[in-house]
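Visitor: My questions will all concern the structure given below.
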Amino acid sequence: MSAFATLAPPYNMPATSRGGTLLNDTAEARSRALNQFLKSVELKAYKIAQAGLRHQDDALDAVQDAMLQLARAYANRPEEEWKPLFYRILENRIRDMQRRRTVRGRVMAWLPFRRDEDDEDLDPIAQAPSQDVPPVARLEIDEAMRALDAALEELPNRQREAFLLRNLEGLDVAQTAQAMGCSEGSVKTHYFRALQALRVKLGEFEL
Amino acid sequence: MNAGEGESSATTPLQLRGLEARSRLVLEAGLTRIDAHTRSRLNQARQAAVAAAARPSYLARIFGSLTSRALMPATGAAAAAVLVAAFMLSGGHHLTSSVADNNPASALDVLDLVTDDDAMNLMEENDSSFYEWAAAQGDNPGQGAAQGAGGETT
C-alpha cells in the first residue's frame, strides 16, 4: 500500500468534510451574530433614519442599504466594531438621500403636474401599532412623541444625529464620534446644543 | 440656527439630565409603536443582509484566491517600500517636531474647534453651562441621567 493510501479519508467521508465543517461552523456563527446584531439595531436605526428623512419608505431604504453594506463589507470585522460602523454607514446614507431629495425637489418644482408620493393610500391594518397600550396611556405617549418628533425635526442635522445616537442608541462619546465622522469634542458640543434646544422647545410639555 | 441662545443660563446640568432621561423613555416607547408592516420590512432587509454576508461578492470570488495566494507577498513588499520612501522623503524629524503631533487626538480636537461653528459659538458666548454640563457628564449619556431623573421629577 502506498503512503498516499494512508492519507485517504475514511470510507463515506468526503475529503473536505472536517475542514469544511469547521469553516461552515465559523460562517454559521458569524451569520448568527450578524443577524443578532442587526436585529438589535434595526428599530432604532429606522427611528433615526425616519427622524432624518421624515419619510417611511426612504427611512426603510436607508436602513436596508446600511445593513447590506455592513454585511458585504464589514461582516468579517470584530463584532464590537459593527455598531459604530453601521451607524456611520447609515448617517452617510441619510445625508446622501437628503441631498438627493433637495436636488429632486428643485427639479420637481419645474414640473407642472406631479403626484405627491404621500398621497398613496395606506393600508390601515398594516399601519396599526404592533402592541396593545391602554387608550389613555397611548394618548399621552402620542402627545409626548409628537412633541419630541417636532422638536427633533427642527434641530440641525448634526445635533439631531448626536442626540439620537447617544440618547436612543446609547452610543458613548467615542462611538458617536466614529459614527458621525467627527471628534469627540464636537460630539459633546452638538449633543449639548441639542439638549439645550430641546429644553427650550419642550419646556411647556415638561418632557 | 442656535435655538438655545440666550437660554443657556437658565438650564442647569440637572435639568438637562432629567430631559435626557425623559426623552429616552419617550423614544423607547416610540420603538414599541412601530407598525407590523415596517417591522416585517426590516426583518426582510435583515435576512437579505445576512444572506449577502454569507456569499462572497462576484469580484471577491474571482480575485480572492489570486490575491491571497499569489499577490500577497508582493503587495506587502510594495506597501512597505512605499511607507519607507514616504518616511524618508518627509524627513523623520518632522514627525516629532510639533506639540500637536505628539498627541493626534488633541490635534484633531483643536482642528475641530476651529472648523466647527457650534464650538466657536460656545467659545464666543463664554457659555459656562456647557463646561458645567460636560464636567458632570460621563462617557455614557445615561450615567448621570438616573440621578437627574430621580431628583427632578416634573
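The values are calculated or read from the model by the stated rules, or taken from the named source; none is laboratory data. Here the structure is a predicted model, which means the values were calculated and not measured. Glycine also receives a Cβ, built like all others from the backbone with ideal geometry; neighbour counts cover every protein chain displayed.
Visitor: Could you go through segment A:33-53 and let me know if any residue there is at pLDDT below 95 and surrounded by fewer than 14 Cβ atoms within 10 Å (Cβ to Cβ).
Guide: No, because not a single residue in segment A:33-53 is at pLDDT below 95 and surrounded by fewer than 14 Cβ atoms within 10 Å (Cβ to Cβ).
Visitor: Also, I was wondering about something else. Just to verify a result, which residue in segment A:175-201, among those that are within 7 Å of another protein chain (Cβ to nearest Cβ) and of a type in the set (A, V, I, L, M, F, W, C), is nearest to the chain's Cα centre (by Cα)?
Guide: A:Cys182
Visitor: Would you check if there is a residue in segment B:39-55 being outside any helix (DSSP H, G or I), at pLDDT 60 or above, out of contact with any Asp or Glu (no Cβ under 6 Å at 6 or more places or on another chain) and within 30 Å of A:Leu60 (Cβ to Cβ)? Working first, answer last.
Guide: Let us first name the residues in segment B:39-55 that are outside any helix (DSSP H, G or I), namely B:55.
Next cut, at pLDDT 60 or above only: B:55.
Next, only the ones that are out of contact with any Asp or Glu (no Cβ under 6 Å at 6 or more places or on another chain) stay: B:55.
Then drop every residue that is not within 30 Å of A:Leu60 (Cβ to Cβ), which leaves B:55.
Within segment B:39-55, one or more residues are outside any helix (DSSP H, G or I), at pLDDT 60 or above, out of contact with any Asp or Glu (no Cβ under 6 Å at 6 or more places or on another chain) and within 30 Å of A:Leu60 (Cβ to Cβ).
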